[in-house]
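First comes the structure, then the notes that go with it.
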Ligand SMILES: [Mn+2]
């Protein structure tokens, strides 16, 4: 399934996390800070769960949780391409922080690739008065409804893949027009100092794996919580 549609969450809250790149310890800390309740809350990811960071191998365990929903990022796509179409794609994945995957045992590697091959290219969440979208990079042609129709039909174009997984033009240009058909679109992919909104697109990649911070954003009340990557270093300044 290339687009996954989630019903309105009437019991709890929905949080969206920026690009993880294996920073799952930080994610765990953030979830305890916000008192995440797996019985009713949901956690959505803008993709790029793997590569570069220390705990990419844990992605498979997170993806197995019923309250965790992720879209595919360009790093998940590179890992899938490396498996399906080596050796050029394998080299590309290795050069982009994918060495951890080759270091796994066969069973672990297979489990990881099976989990990420199930990731949709887009998530759509029903909210009061409309819908919220989640993709890794951007929405093609600023037109959610036609994207959704192509994904529903299992028929995305090359251009869809390229924009959904790789586009940085909205950030580069400081905007790119409203995305029609969604109230709000949540994306990652291009590290920013802070979570930042261009048009109706909220960018949540705050560069956790590059020494920035990991950001969680709540779509119910727009609360935003970030944890610095160097939290262990900073702990020495705590007064006990
Ligand atoms: Mn990316």
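Just so it is clear, none of the values below were taken in a lab; they were calculated from the coordinates. These figures come from a predicted structure and were not determined experimentally. FYI the Cβ positions are ideal-geometry reconstructions off the backbone, even for glycines, and counts take in every protein chain you see.
Annotations
- Residue 92 falls short on exactly one of the conditions (1) within 23 Å of residue 44 (Cα to Cα); (2) within 16 Å of the ligand (Cβ to nearest atom); (3) not in a loop (DSSP other than H, G, I, E, B), and that condition is (1).
- Among the conditions (1) without any contact (Cβ under 8 Å) to a residue 60 or more places away in the chain; (2) crowded, with 19+ Cβ neighbours inside 10 Å, residue 124 misses just one, which is (1).
- Out of 53, 73, sole residue that is crowded, with 18+ Cβ neighbours inside 10 Å, touching a residue at least 12 places away in the same chain (Cβ under 8 Å), over 23 Å from residue 185 (Cβ atoms) and touching a helix residue (DSSP H, G or I) at 6+ places or on another chain (Cβ under 8 Å): 53
- Every pair of residues 6+ apart whose Cβ atoms lie under 8 Å, when the first sits in segment 21-48 and is within 14 Å of residue 65 (Cα to Cα) while the second is part of a helix (DSSP H, G or I) and within 16 Å of the ligand (Cβ to nearest atom): 24/59
- Condition met for residue 189 (within 16 Å of the ligand (Cβ to nearest atom) and at positive phi): yes
- Any hit, segment 159-173, residues being within 16 Å of the ligand (Cβ to nearest atom), closer than 18 Å to residue 125 by Cβ and either surrounded by 14 or more Cβ atoms within 10 Å (Cβ to Cβ) or within 17 Å of the chain's Cα centre (by Cα) (or both): yes
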